[in-house]
């Protein structure tokens, strides 16, 4: 499962290795048995893809996939990018696929999550987006608990996510085709 995502590297986007490694995605094994991630992929909406190689993720363990260069460990792996950021600060989608190409999990963020309103033009959304952080609450409590709206990383999506409210607000403000929301 996808966990926390730091899609906006802290500080200036100066394309340094430190800045690139400030951008990361966590992949968590929520099961009680180890999982071999060899051949699994993590990709963004633009098709940039990282392929896991010979990594066994223990039960309840997490690995952080950094954009920049570094030495792979059990807890941190690196995509070895030298100058290019992977994740858009405005709107993107992370997709985790197994070694057979089947989608295991996805997480989207930003105003134009489905790319129908040209958000890749990088116009900032006027609404603050909640961070994408892993949610430690059990599923029944998670759906009933409002999420904080402070900065940082963004929480992994849940079926009854309160973030739907800010997503509707973003669609209305950008003239998104789905702006006629029946729940408002």
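The values are calculated or read from the model by the stated rules, or taken from the named source; none is laboratory data. Nothing here was measured: the structure is a model prediction, and the numbers come from that model. Methodologically, a virtual Cβ is constructed for each residue, glycine included, from the backbone with ideal geometry; neighbour enumeration extends over all protein chains shown.
Given the criteria modelled with pLDDT under 95 and within 20 Å of the chain's Cα centre (by Cα), does residue 9 qualify? Working first, answer last.
On the way: modelled with pLDDT under 95: yes; within 20 Å of the chain's Cα centre (by Cα): yes.
It is true that residue 9 is modelled with pLDDT under 95 and within 20 Å of the chain's Cα centre (by Cα).
The number of residues in the range 4-57 that are surrounded by fewer than 13 Cβ atoms within 10 Å (Cβ to Cβ) and at positive phi comes to 3.
Looking at 60, 82, which is the one that is under 20 Å from the mean Cα position of the chain (by Cα) and either surrounded by fewer than 18 Cβ atoms within 10 Å (Cβ to Cβ) or part of a loop (DSSP other than H, G, I, E, B) (or both)? Write out each step before concluding.
Numbers: 82 fails: under 20 Å from the mean Cα position of the chain (by Cα).
It is 60.
For the range 1-37, the tally of residues that are within 16 Å of residue 96 (Cα to Cα) and part of a helix (DSSP H, G or I) stands at 0. With respect to residue 67, determine if the residue is modelled with pLDDT of 95 or more and either more than 19 Å from residue 90 (Cβ to Cβ) or surrounded by fewer than 21 Cβ atoms within 10 Å (Cβ to Cβ) (or both). For residue 67, the condition - modelled with pLDDT of 95 or more and either more than 19 Å from residue 90 (Cβ to Cβ) or surrounded by fewer than 21 Cβ atoms within 10 Å (Cβ to Cβ) (or both) - is not met.
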